[in-house]
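The values are calculated or read from the model by the stated rules, or taken from the named source; none is laboratory data. Note that the structure is predicted; figures quoted are calculated from it, not measured. Here the Cβ positions follow ideal geometry from the backbone for every residue, glycine too, while neighbour counts run over all protein chains shown. Heavy atoms of the whole protein, side chains included, go into the accessibility calculation; ligands, DNA and RNA do not. Shrake-Rupley method; radii C 1.70, N 1.55, O 1.52, S 1.80 Å.
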Amino acid sequence: MELNFRINLTKKQKEAYSLLHDDDTKVLVARWSRQSGKSVFAEIALIESMCKSLTFNAYISPTYSQGRKVYKEITQLLENTGIIKKANASTLTIQTIFNSYLQFFTMESPTAIRGYTISGLLVLDEASFFPDVLADGSEPWSSVIMPITKARHPKILVISTPKGKRGMFYDMYMKAVKKEKGYREISATIYDDDLVTEEEIEDIKKSVSPIGFQEEFLVKFIA
């Protein structure tokens, strides 16, 4: 089955797609500017995995509202395609005709993540905004996220703008920079965005603080 959403991928989205599908890539850490198509790329990757047979996929966001937004966008993209078998807006679960699933989780309720097994694609969106430490004192990656990937070794897409030299996203990015086995990284600043003009970038500069522009649009890790 071939789906055409009439979405023209940017140069960086195409590079990220190629890296994600490389056999040597287990974890792709995408350090991307705001307004550069992070969510769209994640949605396309999730839909592709959901169109394979018998995969269990997951999307984890910092907040429930962010996950609900992506859930709505994916269900709207797949509307009238015949791909969706069931969709539950209360539990934020999608089942496709290929008997594959997409489950949405939030770091506001991290204990709900435990007990699942991801076999397709795991997306950690805006990962720099995940808590450094959970309420019980444990670390999010080792305590609740990594265990759901151990059995089936899914692809993992970790995507965010930076928020300081701290936390899970920074640690995973540094693993990719050091070329640890399975880790790859891709970075995209606002200047890499094919869809933003120089004039629009100048307007953005005027609307945010210098540090905010360096972090959110030049994707710099600032201590």
**Asked** Are any of the residues in the range 144-156 touching a strand residue (DSSP E or B) at 6+ places or on another chain (Cβ under 6 Å), open to solvent by 50 Å² or more (accessible area, probe 1.4 Å) and modelled with pLDDT of 95 or more?
**Response** yes
**Item:** Exclusive hit being more than 22 Å from Tyr170 (Cα to Cα), modelled with pLDDT under 95, open to solvent by less than 60 Å² (accessible area, probe 1.4 Å) and over 14 Å from the mean Cα position of the chain (by Cα), set Thr75, Thr93, Thr81
**Value:** Thr81
**Prompt:** Name the pairs whose Cβ atoms lie under 8 Å apart, with the first residue in the range 98-117 and surrounded by fewer than 13 Cβ atoms within 10 Å (Cβ to Cβ), the second small (Gly, Ala, Ser) and outside any helix (DSSP H, G or I), and 6 or more positions between them or separate chains?
**Reply:** Asn99/Ser53
**Request:** Could you tell me whether any residue of the range 30-52 is within 19 Å of Tyr17 (Cα to Cα), part of a strand (DSSP E or B), under 10 Å from the mean Cα position of the chain (by Cα) and aliphatic (A, V, I, L, M)?
**Result:** yes
**Asked** Restricting attention to the range 129-140, does a residue exist that is over 25 Å from Val70 (Cβ atoms), out of contact with any helix residue (DSSP H, G or I) (no Cβ under 8 Å at 6 or more places or on another chain) and assigned to a helix (DSSP H, G or I)?
**Response** no
**Message:** Given (1) more than 13 Å from the chain's Cα centre (by Cα); (2) at pLDDT 95 or above, identify the lone condition not met by Leu124.
**Reply:** (1)
